[in-house]
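Written below as structure tokens is the structure these notes are about.
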Amino acid sequence: MTAARKGSVKKRKAPTKKAAAKKNSTKKTDMVTTPNRASVAKYIAAVENDTRRKDANTLLALMKKVTGDKPVMWGPSIIGFGQYHYKYDSGREGDFMLVGFSPRKANTVLYVLGSLKDDDPLLGKLGKYKRGRACLYVNKLEDVDLKVLEKVIKKSYDATKRYWDA
């Protein structure tokens with residue numbers, strides 16, 4: 001290097017080390033959606049939209065019939081049936097319902113796709129719905145075939161129960 005260049009070279013500061021994030025792979029994740037003792041009947045009675053309230057009562061009876069489980073509130077707005085414990089290879093673990101639903105303002109959310117494949121033939125026979133990752137969004141129950149929905153609920157419930165050994 002020439003003398004002129006020697007003086008113009010700036011020394012860089014060594015990067016500071018950030019403290020490593022603590023990994024606690026055996027601890028349960030702090031879930032917001034957990035079972036609680038809130039009244040399912042009071043929650044459904046408080047649903048403002050008449051169609052959603054009527055549909056919620058229909059789904060309540062249907063899911064009780066299919067699962068044989070008592071309905072439980074999960075978080076402030078989900079009605080769940082059954083429960084399983086999951087633990088992923090990453091160490092993340094927690095508890096969740098086997099199936100459930102939530103009468104929301106925009107639509108009713110059905111948590112019934114957790115163990116069904118995207119190409120399940122029952123979904124093609126169900127009727128009008130939108131799909132999420134593990135749920136169905138239904139505007140009103142009259143848009144879907146309730147006999148097919150009953151089969152979807154049963155299939156998902158049984159598959160999830162089997163998969164997680166619940």
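Values quoted throughout were computed directly from the atomic coordinates according to the rules given, and no laboratory measurement underlies them. Please read these numbers as outputs of a predicted model, since none were measured by experiment. Every residue, glycine among them, receives a Cβ derived from its backbone with ideal geometry; neighbour counts consider all protein chains shown.
Numbers for the structure displayed
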{"quantity": "Distance violations [Cα-Cα > 25 Å] among LYS128/LYS151; LYS117/LYS147; LYS54/LYS87; LYS42/LYS64; LYS42/LYS155; LYS130/LYS151", "calculated": "LYS54/LYS87; LYS42/LYS155"}
{"quantity": "Calculated from backbone phi, Karplus (6.51, -1.76, 1.60) coupling profile of region 43-59 in Hz, x at Gly/Pro", "calculated": "4, 5, 4, 8, 5, 5, 6, 4, 5, 5, 5, 5, 4, 4, 5, 5, 5"}
{"quantity": "Nearest-20 debye value, region 35-163 charge dipole, Cβ charges on Lys, Arg, Asp, Glu", "calculated": "160"}
{"quantity": "Percentage relative contact order, region 35-163, counting C-alpha pairs under 8 Å, at least six apart", "calculated": "21"}
{"quantity": "Sequence of MET97, MET63 once ranked by neighbouring C-beta atoms within 10 Å, starting from the fewest", "calculated": "MET97, MET63"}
{"quantity": "Cα-derived Rg over Rh, computed across region 74-166 with Rh taken as Kirkwood radius", "calculated": "0.97"}
{"quantity": "DSSP-assigned coil residues among chymotrypsin sites (Phe, Trp or Tyr not before Pro) in region 55-113, each with at most 11 further Cβ atoms within 10 Å", "calculated": "TYR88"}
